[in-house]
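First comes the structure, then the notes that go with it.
The values are calculated or read from the model by the stated rules, or taken from the named source; none is laboratory data. No experiment lies behind these values; they were computed from the predicted model shown. Because the Cβ atoms are built from the backbone with ideal geometry, glycine has one as well, and the counts that use them run over all protein chains shown. When the accessible area is computed, the model is the full protein with side chains, heavy atoms only, and any ligands, DNA or RNA have been set aside. Shrake-Rupley method; radii C 1.70, N 1.55, O 1.52, S 1.80 Å.
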Amino acid sequence: MAIKTKRMLSKTKSCSCSMPGVWRAAAYCSGAAVIFHSPRACAHVARSMDINAQYRALANGSAENLKSIPVVSSLLQEKHSIFGGAERLRACIEDVIKTYQPQSLIIANSCVAGVIGDDVEAVGRESEIKYGIPVLTVPCYGFLDGEYYQGYFAVAEQLAVRFLQKQPKIADTALLIGDNGGPWGHYAKEVKRLLTYFGIQVIGQFPGYVPIKELPQITAASFSVILGGRGQTYTGLTKIAQLLEENYDVPYLQEGYPVGWDNTVSWLRSLGVFLHKEALAEEAIAQERAKLVAYADKVKNITQGKRCVVCIGRMLTYFHPGGVLETLRRLEMQVEAIVLFDNYNARERKKMVEAVTAQCQAPIINQAEGQNLLDTADLVLTTHEITNNQELRQIFLPMLPLVGTSGEIEFMDCIYKTLCRRGEKGGIVYV
């Protein structure tokens with residue numbers, strides 16, 4: 001019997017709506033307001049994202065002290081597909097100005113607005129003159145000709161061009177670029193912690209988390225750090241960092257994604273070279289290594305020799321197996337096999353096989369061959385939930401892995417606690 005999984009998808013291009021990206025790029029920029037030129041239902045998507053983000057912050061024990069900005073729909077209806085929605089948008093803008101008194105407006109376009117052909121940019125220019133505040137319009141239309149990150153990056157670029165100014169630099173300060181859960185998220189908190197080894201203080205996170213009136217001051221940062229991963233996210237965030245460097249003299253740290261110990265070491269050394277503080281970087285590495293080794297030694301009495309299977313179904317662009325396999329080696333666990341799910345095409349499978357074999361000598365098998373191994377494994381680490389065996393102890397490998405030494409220790413702790421569970425064998429744990 002072959003392994004069965006939940007939500008097995010394989011794609012090379014993102015397919016999503018640009019409007020939530022528009023909202024997210026300004027979500028906590030107090031003083032701004034976002035208008036979705038859309039039917040009512042579209043605004044519900046962004047509102048759901050906001051609620052989910054708050055739940056995640058509360059679940060992580062984070063004290064959220066930021067309030068999201070208003071997001072309002074222009075409430076396009078069926079009749080506007082015939083007569084146009086420009087007047088409806090003008091009325092919505094007037095209502096938002098009167099209700100919220102924003103310092104800036106950002107207008108996101110829906111698929112419907114794109115099909116109708118409303119000249120939203122002209123309405124924005126007209127409203128900017130009428131109300132005397134900056135009005136930003138985004139040149140993408142929901143699912144029609146954009147996706148989430150196109151909306152996000154379009155707003156980030158416009159915020160930079162419209163609001164940022166060159167400032168005298170404040171020594172030993174950094175600006176974070178990107179989201180990844182915001183200032184209370186694991187990524188931002190871990191980067192801030194690691195920066196303290198160098199005496200660096202973070203003065204903001206752009207876009208999305210700087211009040212409109214404070215945007216001109218963020219270019220006083222000595223440099224910026226990209227909170228990116230791989231693929232289009234990192235490419236887009238790098239373009240923002242380059243814009244800040246070219247226009248506002250804010251250089252950026254160009255190397256590294258500190259996932260796993262080896263990448264964390266590389267990131268710290270790159271930062272040391274960038275800051276001309278190589279000795280401090282080596283001191284930081286020594287202290288972080290001591291923390292990592294101490295935790296691994298603490299739990300190896302449970303993890304050592306345990307048999308595990310790693311199941312992978314994501315493309316290499318979005319998931320690199322090196323960090324996971326590195327952790328398993330540190331815990332002295334025995335990798336019985338690597339199961340590659342059947343959703344790969346030949347080219348993507350070849351790339352993943354090469355990435356795995358560079359890190360691990362365990363056999364690489366397919367979905368049909370993997371079932372018997374799963375039945376005898378102490379632990380299964382998987383990119384997709386396995387649904388046809390309720391007795392498996394599964395750890396779900398996230399799309400966005402935790403970064404830095406803290407992330408590595410949290411991952412090891414998750415493995416340790418899962419192996420320590422008594423009673424019922426099955427269940428799935430999310431890192």
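Helix 261-275 and the longest principal axis of the C-alpha atoms of the chain enclose an angle of approximately 50°.
With 22 Å as the limit, the listed pairs Lys189/Lys417; Lys239/Lys277; Lys67/Lys98; Lys189/Lys351; Lys306/Lys417 have Lys189/Lys417; Lys239/Lys277; Lys189/Lys351 beyond it between alpha carbons. What is the helix-to-structure angle for 40-59, meaning the angle in degrees between its Cα long axis and the longest Cα principal axis of the chain, kept from 0 to 90 and rounded to the nearest 10? The helix 40-59 is inclined about 50 degrees to the chain. Over the C-alpha atoms of the chain, the Rg to Rh ratio, Rh being the Kirkwood estimate, stands at 1.01. Residue separation of Asp342 and Asp297 scaled by 0.36 nm, minus their Cα-Cα distance, works out to 12.5 nm of gained length.
For the pair the stretch 327-350 / the stretch 354-397, the C-alpha centres are spaced 7 Å from each other.
Stretched out straight at 0.36 nm per residue, the stretch from Arg307 to Lys98 would grow longer than its current Cα-Cα span by 68.9 nm. Compared with the dominant Cα axis of the chain, that is its longest principal axis, helix 186-195 is turned about 80°.
How much length is gained on full extension from Val429 to Ala122, taking 0.36 nm per residue of separation minus their Cα-Cα distance?
On the way: separation 307, 0.36 × 307 = 110.52 nm, distance 5.06 nm.
Residue separation times 0.36 nm, minus the Cα-Cα distance, leaves 105.5 nm.
Per residue, the chain reaches -14500 deg cm²/dmol at 222 nm when only DSSP H runs of four or more residues are counted, each adding -39500 (n - 2.57).
Centroid-to-centroid, using Cα positions, the stretch 258-312 and the stretch 198-257 are 25 Å apart.
What size of dipole, in debye to the nearest 20, comes out for the stretch 189-330 about its Cα centre when the only charges are +1 on Lys and Arg C-beta atoms and -1 on Asp and Glu C-beta atoms? Working shown, then result.
Numbers: 17 positive and 13 negative charges, 177 e Å.
With only Lys, Arg, Asp and Glu charged at Cβ, the dipole is about 860 debye.
Only one residue of Val265, Leu419, Tyr100 has its Cα farthest out toward the positive end of the dipole of the chain, where Lys and Arg carry +1 and Asp and Glu -1 on Cβ, and that residue is Leu419. Computed in the context of the full set of protein chains, the accessible area of the stretch 191-238 at 1.4 Å probe radius has 53% of its extent on carbon or sulfur.
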